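Undergrad: Quick one: the structure is below, questions incoming.
Laboratory data are not the source of any read-out in this text; all were calculated from the coordinates shown. Every value quoted in this text rests on a predicted model; they were computed, and no experiment measured them. Cβ: placed from backbone, ideal geometry, glycine included. Neighbour counts: every protein chain shown.
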Amino acid sequence: ANQGCPKKDKQLVVITKEKLVILQKVFFATGKSAVLPKSWPLLSQVAAVLNDHPELARVRVEGHTDDRGNHDRNVALSQERADAVKQFLVGKGVDAQRLVAKGFGPDQPADTNANEKGRENNRRVEFVVEP
């Protein structure tokens, strides 16, 4: 239930063949790329998983937004956020050569943009294992 980890250390990262699936969201300051402190434990766990699994040779840190606002600004913001997450992971000892940051803005929605719940689902960070 906790990916083989002690219950006191709630596991928030699941390794699949295609992704590191995170069980919480990464939170940023509104309209900015600063990672909020409430996401530091999650990202620290992502870093630990990457440091413990060198066979994950390359991981793409993806930033995604909803479709509200200016498209070009959303793409830029998603790139800035992906870069910020990458820098956080590097600061936790992950080799920068193993990470690539890519912002997609609203171009790869995971859900509808027709309501707030869908838009919330579209505002996300994903960790994709590259071949």
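Undergrad: Go ahead and estimate [θ] at 222 nm for the chain from helices alone: -39,500 (n - 2.57) per DSSP H run with n ≥ 4, summed, over the residue count, rounded to 500.
TA: Details: 3 runs with 41 residues, N = 131.
Using -39500 (n - 2.57) per qualifying helix, the result is -10000 deg cm²/dmol.
Undergrad: Moving on to the next point. Averaged across orientations, what area in nm² does the convex hull of the alpha carbons in segment 35-95 project?
TA: Here the figure is 4.6 nm², rounded to one decimal.
Undergrad: Among 60-67, 21-28, what's the highest-first ranking by average C-beta atoms within 10 angstrom per residue? Before the final figure, lay out the partial values.
TA: On the way: 60-67: 22.1, 21-28: 16.5.
So the peptides 60-67, 21-28, ranked by packing, come out 60-67, 21-28.
Undergrad: From the mean inverse distance of alpha carbon pairs (Kirkwood) and the Cα radius of gyration, derive Rg over Rh for segment 52-127. Don't jump to the answer; show the numbers that get you there.
TA: Numbers: Rg = 13.5 Å, Rh = 12.9 Å.
Ratio of gyration radius to Kirkwood radius for segment 52-127: 1.05.
Undergrad: Report the Stokes-Einstein translational diffusion coefficient (µm² s⁻¹, integer) for the chain, Rh taken as the Kirkwood radius over Cα pairs, at 10 °C with viscosity 1.306 mPa s.
TA: Working: Rh = 15.0 Å.
Result for D is 106 µm²/s.
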